[in-house]
Every structure is written in C-alpha cells, then in structure tokens.
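As structure tokens, the structure follows; a few thoughts come after it.
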Amino acid sequence: MADKTSKQPENVSGKWYVDTTCVPCNVCVDCAPTLLKFSADQSHVYFAKQPAGAAEEAAAQAALEICPTGSIGNDGE
Ligand code: SF4
C-alpha cells in the first residue's frame, strides 16, 4: 500500500499520488498516459494530472491495481 507521507514531490495536489517506492517499471504509464509522467531524471513516475471524470478515475484505479510495488495511492489530500 502506498504511503501518503512519502509522496514523490512532483505529484500535483490531490488524492492520487505515487510514493517513493516507485521502481519505475512503466506499466502504470500505459494504463493512464494522460495522468502519469516520468520524472525528468527518469527515476520514477508521478501524477502530473489528477483524474477528471469517470474514464480517468478508472485509468488511475487500473494503474493502482497493476503497480507491482504498491506505489500508487488514492488517499492523499
Ligand atoms: S507501476 Fe508502480 S513501480 Fe511501476 S512505474 Fe508505475 S508507480 Fe512506479
């Protein structure tokens, strides 16, 4: 389970976030390409945009479920 006290600093404010355990393996970006982006140094991904609407909420949920390290959370502020 992701830790909202260890969010990647680039996440935009909102309930969805990636924490510092991201590898990164890239599979979540394929699930939610409009929401998740690679950091400038390619060391992790982060939420560049919060979901807007049912389709993007579903994409974010799919990304959470596929993440092998449990690095995506939806209990942020
Ligand atoms: S699926 Fe998880 S570990 Fe892989 S890039 Fe996305 S957040 Fe990082």
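The values are calculated or read from the model by the stated rules, or taken from the named source; none is laboratory data. Just so we're clear, the structure is a prediction, and the values are computed from it rather than from any experiment. We place every Cβ from the backbone using ideal geometry, glycine too, and count neighbours over all the protein chains shown. For the accessible areas, the whole protein counts, side chains as well, though only heavy atoms, and no ligand, DNA or RNA atoms are used. Shrake-Rupley method; radii C 1.70, N 1.55, O 1.52, S 1.80 Å.
Here are some notes:
- Computed over protein heavy atoms with a 1.4 angstrom probe, the accessible surface ordering of T20, T5, largest first, is T5, T20.
- Point-to-point label distance, E77-A52, nm (Cα→Cβ direction, 7 Å offset): 2.3 nm
- Relative contact order (percent, whole number), the chain, Cα cutoff 8 Å, 6+ residue spacing: 43 percent
- Given a 1.4 Å probe and the protein chains as shown, E56 ends up with an accessible area of around 30 Å².
- Straightening the chain between S6 and T69 buys 21.3 nm, computed as 0.36 nm per residue apart minus the Cα-Cα spacing.
- Sequence of D75, D19, D41 from largest to smallest accessible area, 1.4 Å probe: D41, D75, D19
- Residue with peak Gaussian network fluctuation, the chain [Cα springs, cutoff 10 Å], from V18, V45, V27: V27
- With both labels modelled 7 Å from their Cα along Cα-to-Cβ, the T20 to Q61 distance reads 3.1 nm.
- 10 °C / 1.306 mPa s Stokes-Einstein diffusion coefficient of the chain, Kirkwood radius on C-alpha pairs, µm²/s: 135 µm²/s
- Label-point separation, V29 to S43 (7 Å along Cα→Cβ), nm: 1.6 nm
- Theoretical ellipticity at 222 nm over the chain - DSSP helices of four or more residues, -39500 (n - 2.57) apiece, nearest 500: -6500 deg cm²/dmol
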